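The values are calculated or read from the model by the stated rules, or taken from the named source; none is laboratory data. Worth saying up front: this structure is predicted, and the values here are computed from it rather than measured. Reconstructed Cβ throughout: ideal geometry from the backbone, glycine too, with neighbour counts over all protein chains shown. Calculation scope for accessible area: heavy atoms of the full protein, side chains included, ligands and nucleic acids excluded. Shrake-Rupley method; radii C 1.70, N 1.55, O 1.52, S 1.80 Å.
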Amino acid sequence: MLYNLIMKNKAYKIIQIILLILLGISSGFLIYSLILFTGLKKLYIILLIALVCYISLFIGYLENKNYRFERKKRFILSSICIVIICGIYLVGIYFLTGVHSKLNFFRKEEISYKTVLLTFNEKYKTIEDVTNSKIGIVEDTEDIELYILPNKVIEKNSLSKNNEIINYNSVIDLMGALYKKEVDLIFINSNYKDLFISFEEYADLSEKGIEVIEYSEKLKNKSIEEKNNTDTNGKALTKPFTLLILGVDSISDVNAAFNGDTIMIVTFNPKTLNATMFSIPRDTYVKVACGNRQFQKINTSAYGGAKCVKNTVESITGLNIDYYIKINFKGVVDLVDALGGVEVDVPYAFCEQNSSRSWGDKTVFVKEKGLQVLNGEQALALSRNRHSADNLSLMKYHCPTLTEGPRNDFIRGKNQQLVIEGIIKKVKEIRNVNKLLEVLDVISKNIDTDLSVNDMFSFYEVLENLIGAKDLELVNIQKTFLRGYDMNVWEPNANGIRYAFFNYKGSMNDIVNLMKQNLEIIKPNVIKEFSFSVNKPYEQELVGNKSYNETKLPTVPDFSKYSYSGAKDWANKNNISIHFINYDTNEELTDINGMSFVSQSMHERTLVVKAGDTLNLYYKSNKVVEENPQEETPE
C-alpha cells in the first residue's frame, strides 16, 4: 500500500515537473517574441509581458499547491489549464515570430551579385579560349557586377596578360560596343536580357548571346550598408516621409541591377493622413546620377541599382528620399491571387501579354471596362499596359475584338496607382492569421527595401487609425501627372535615334511643391474660393496636368541645309564653338562659297545639353566632292 502511494506520488511529480518546464519554456519564448515587437507601443508590450509572467507564475503556483496537498481533481484541472495555456503561447509564438521573420526578410542585408562574360563569337567555348581578344568593362569602380566582380575574374584567370581590357562609361555603352564589334567580349550583369528587353536594336540578344563564364558572390547590400552607416536609427514613420517605389519588370529574381519599369514617389503625412503619388515616366530623359552622369532615359538608372535610381530621383526633384521599396512585378501576380483578387475600376478594355511575356493562349484580355475584381495576371497586365503603335498590330492579332487604341506610359502610371489602391483596400480586410502570414510570405520573396523592422513598427499608430476605417477614403491620396513633350534624339550608344520624353519644368515644380507641402517643408497654398456644379461630378485635380508655355530643348540640326551665317547664328545662340573645316586640307574656312557640305562632328538630333563645346562642319570644294561622301569625320 505504501509502495503504491509512493509510485503514485512519483508519477504526479514527473507530470508536474514536465508541465512546469513546458510552461516555463513556452512563456520564455513568448516573452522573447513580444520583445521583438517593442518597436510598436512599448507600454502595450510591457503590459503583455507582465500579463504572461503573471499567468505563468499563478498557474504554476496552483499546480505546485495542488500537488503538495494531494488535491487530485484540482491537480488534473490545473494541469489541463497549463496544457491549454502552453498551446495558446505556442500559437502566439508562431504568429509573432512568423510575422517578424517575414518582415525582416523584406530587408535584404545581402544580395547575390552576378557577372557574366558575354560574347557573340562561337569560338569562345570556355574561359581558356579568351586570348588575344578585346574585353569590355565598365570603369565605375563602385559597381560590383560590372567592375569589382569582373576584375576578380580577370585576376583569377590572368586575362589581362594576353588580352586588351577596354573601359566604358556605362552598361549601355558596353552593349553598344559589343554590337559594333569594338570588343570581342564584355563583362555584364547576369540579367542583361531583362535590362535590354525594351531595346529594339538588341532584339536578337537572347539568340546571339553566348555566356562564356558566370561568376557570383553573396555580398552586403550596398544600399542597406550605406543607410546603416549614415542613419542607423532611420526616420520614424510617425513624421512625414518619402517612399520610392521601384517596379522591376523581370522574369528573373530581384537583383542588384534591374529593369526600372516603374518609378513612383509617394509622400505620406501620418498626422493628416494625406498622401501624394507621382509616377515618373520611364522614358523621361534626365542626367543619370551614376555611370559618369550621362543623359539617358531614367529607367536606365536602375542598371546601377536602387542607389543610382534614388540619387537620380533626388537630383531631378530636389526631394530627399527616405526609403525605397523594390518590387518584382511577377510577385504582384502571387500577391493579388493570395488576396483573392483586387477590386479595380478598370478605365478601358485591354489586351496584354502574361507575366512571362507570352501571347497566344496565355494572352490576358479584359473585355470590359468598369468596376470589377481582377486576378493576379489581370492586375499585372493592367499595370504593364502601354502598347505603342509598333506593337498594336500584334495586340490586335491576339485580341481581334478590342476596339481601344494604343496606350502610353502616362496612362500606365495611372493604372498602377489604381492597382496599388486596390491592393491596399484588400490588405485592410485581412483578419485571418494564416492569410496574413501567406501574404507576407509572398511579399517577402518579391521585395527588397531599406526599411528596417523597427521602421515598419514605427508606423503602428497610423495603422491603428487605418484599420479602424471602413474605407480607404480616410486617406486622402492626391495623384499627379507629369506633363512634357516627345522628341526623338540621337543615342550614340545605340547608334541610332530613339524616342524620349522631356518634362516641362513647370509641371515638375508644381508636383514637387505639392509633395513638399505634404512633407511640411513649405506651407500649403490655401484655396479661398471653390465652385462646383450639382450637374457635374467633382473630379480631383491632377497636379502638374495643365498648360505650360515652355520651349523644347534644342537638338543639333542637319547643317547641310544651313548657310555659313545661319550655322554661326545657331552656334552662338546655343553657346557652342563652331569651326568650318576643309575636309581635304583640315584647314579652317572663313567662307563656304563654292564648297559642298560633307559631314558634321555632332550627329543630327543630338541633344545640345550633351553635345559638347565644339562643333566642326566639314566641306569640300565643288570640283572634287564625291557623290557619296563619308559621314564620319577624320581623326
Would you pick out the residues in the stretch 190-229 that are assigned to a helix (DSSP H, G or I), at pLDDT below 75 and hydroxyl-bearing (Ser, Thr, Tyr)? SER223
Could you tell me how many of the residues in the stretch 256-280 are more than 30 Å from LYS218 (Cβ to Cβ) and in a loop (DSSP other than H, G, I, E, B)? 4
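Considering only the stretch 299-348, how many residues are farther than 30 Å from LEU374 by Cα and of a type in the set (A, V, I, L, M, F, W, C)?
Residues in the stretch 299-348 being farther than 30 Å from LEU374 by Cα and of a type in the set (A, V, I, L, M, F, W, C): 6 in total.
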Can you find, within the stretch 311-342, the residue that is modelled with the lowest pLDDT among those that are aliphatic (A, V, I, L, M) and closer than 18 Å to ASN299 by Cα? ILE327
Under 6 Å by Cβ, and 6 or more places apart or on different chains, what pairs join a residue from the stretch 426-441 that is within 13 Å of GLY341 (Cα to Cα) and aliphatic (A, V, I, L, M) with one that is at pLDDT below 80 and surrounded by 15 or more Cβ atoms within 10 Å (Cβ to Cβ)? ILE430/LEU436
Residues THR555, THR590, THR614: which one is touching a residue at least 60 places away in the same chain (Cβ under 8 Å), open to solvent by 30 Å² or more (accessible area, probe 1.4 Å) and not small (Gly, Ala, Ser)? THR555
Every residue from the stretch 167-208 that is under 22 Å from ILE148 (Cβ atoms), in contact with a Phe, Trp or Tyr (Cβ under 7 Å, 6 or more places away or on another chain) and surrounded by fewer than 19 Cβ atoms within 10 Å (Cβ to Cβ): ALA177
Residues located in the stretch 571-589, provided they are in contact with a Leu (Cβ under 9 Å, 6 or more places away or on another chain) and among the β-branched types (Val, Ile, Thr): ILE576, ILE578, ILE581
Hits in the stretch 311-336 (condition: open to solvent by 40 Å² or more (accessible area, probe 1.4 Å) and either more than 20 Å from LEU451 (Cβ to Cβ) or of a type in the set (Lys, Arg) (or both)): SER315, ILE316, GLY318, LYS330, ASP334
Which listed residue, of LYS369, LYS297, LYS307, is open to solvent by 10 Å² or more (accessible area, probe 1.4 Å) and touching a Pro at 6+ places or on another chain (Cβ under 7 Å): LYS369
Among the candidates ILE46, ILE25, ILE84, which residue alone is under 24 Å from LYS102 (Cα atoms), at pLDDT 90 or above and either of a type in the set (A, V, I, L, M, F, W, C) or touching a His at 6+ places or on another chain (Cβ under 9 Å) (or both)? ILE25
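Being buried (at least 18 other Cβ atoms within 10 Å of the Cβ), within 30 Å of PHE295 (Cβ to Cβ), of a type in the set (Lys, Arg) and at pLDDT 90 or above is true for just one of LYS516, LYS561, LYS479. Which residue is that?
Details: LYS561 fails: buried (at least 18 other Cβ atoms within 10 Å of the Cβ); LYS479 fails: at pLDDT 90 or above.
Testing whether each residue is buried (at least 18 other Cβ atoms within 10 Å of the Cβ), within 30 Å of PHE295 (Cβ to Cβ), of a type in the set (Lys, Arg) and at pLDDT 90 or above leaves just LYS516.
Identify, please: which residue in the stretch 134-188 is in a loop (DSSP other than H, G, I, E, B), under 28 Å from GLU207 (Cβ atoms) and of a type in the set (D, E, K, R) and is, among those, modelled with the lowest pLDDT? Even if it seems obvious, please write down each step before you answer.
Looking only at the stretch 134-188, we keep the residues that are in a loop (DSSP other than H, G, I, E, B), and these are 139-143, 157-158, 163, 169-170, 180-184.
Subset that is under 28 Å from GLU207 (Cβ atoms): 143, 157, 163, 169-170, 180-184.
Now drop any that are not of a type in the set (D, E, K, R), which leaves 143, 180-182, 184.
Values: ASP143: 84, LYS180: 88, LYS181: 91, GLU182: 92, ASP184: 95.
Across the stretch 134-188, the extreme among qualifying residues is ASP143.
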